[in-house]
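Visitor: Can you read through this structure? Questions will come right after.
The values are calculated or read from the model by the stated rules, or taken from the named source; none is laboratory data. All figures in this text were calculated on a predicted structure; none of them were measured in a lab. Every residue, glycine among them, receives a Cβ derived from its backbone with ideal geometry; neighbour counts consider all protein chains shown. Surface accessibility is based on the protein's heavy atoms, side chains included, excluding ligands, DNA and RNA. Shrake-Rupley method; radii C 1.70, N 1.55, O 1.52, S 1.80 Å.
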Amino acid sequence: MSRPVSRDDRLNRDADEPLWMQLATILREVIKDGLLRPDQALPSESELIDRFGVSRTVVREALAELVRRGLIYKIRAKGSFVAPVSPDLSFIGSTLGSSDDLTASGRTSSTHVLEQEAGRANTDEAAALNIPAGSDVVRLRRLRSVDGKPWLLVHTTLPRALFPGVLRANLENHSLYDHLRRHYGVSPSGADRWLQAVIPEPEEAELLQLEPGIPVLRIESVAWDATDTRFEYYRALHRSDESRFYVGIR
């Protein structure tokens, strides 16, 4: 910790609040004030024990609370470190696409098209889009990166009858929603989304630059336009270590 212990930093052993909670509050304020920077190491457990005159159990409970809050992370045999600030992304609870939401948050994103091909709707796609099985569809597979790091792997299915010519569209580093709005007059007016934690397949983990076995957030979505026509079905794998989602309830 870069500042000396002040009177306000000392633990109150006569207070009703447990010592571990008081210590967690002190460390949280130090991080909040910017006295410890992202990825900077916290004092070791032994240093905190000596500095605050508490047991190892108290220190470990305080650090565990900060981990639960997403304020620090631990590396085995190295210690505890301040977690980078995760941006709040809201597209899960809105009709914004992820590209538009990232732009609004001030981050730099790029999109690489891995696949863009015609096909026939399978049972899941047909049910999601409310079209007969075997209908003509366009499938897109895209990898979105944020600030140069792989972030989102998306499989999108569009009814080909609604978007003639989309198979030839240049979607490299372009927003799909912006393209559909400009060229077809289609914008989402609502969507259903489902979230689930999953372990990605090895090839998917490699694309997202994740170690095998690291979980990701799977997002499944069906979007419809102002006429209640379902026009998009997507399945996405999202790295959950780089951001957090915000959903407001009013």
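Visitor: Enumerate the lysines that Lys149 could reach by cross-link, defined here as Cα to Cα under 24 Å, with residues fewer than 8 away along the same chain left out.
Guide: Excluding near neighbours in sequence, the set is Lys74.
Visitor: If I take R0 = 25 Å and measure r between the Cβ atoms of Ile214 and Asp124 in this structure, what FRET efficiency does the formula 1/(1 + (r/R0)^6) give, to the nearest 0.05?
Guide: Computed FRET efficiency for Ile214 and Asp124 comes out at 0.45.
Visitor: Taking the Cα-to-Cβ direction at His179 and at Asp147 and moving 7 Å from each Cα, how far apart do the two end points lie in nm?
Guide: 2.7 nm
Visitor: Let me ask something additional. Starting with the highest mean, order 221-227, 157-163, 11-17, 203-209 by the number of other Cβ atoms within 10 Å, averaged over the residues of each peptide.
Guide: 157-163, 221-227, 203-209, 11-17
Visitor: Ranked by accessible surface with a 1.4 Å probe, highest first, in what order do Tyr233, Tyr73 come?
Guide: Putting Tyr233, Tyr73 in descending order of accessible area: Tyr73, Tyr233.
Visitor: I'd like the FRET efficiency for Ser110 and Glu17, computed as 1/(1 + (r/R0)^6) with the beta carbon distance as r and R0 of 45 Å, rounded to 0.05.
Guide: 0.45
Visitor: Another question, if that's okay. Multiply the residue gap between Val198 and Glu117 by 0.36 nm, knock off their C-alpha separation, and tell me the result in nm, one decimal place.
Guide: Result: 26.5 nm gained on full extension.
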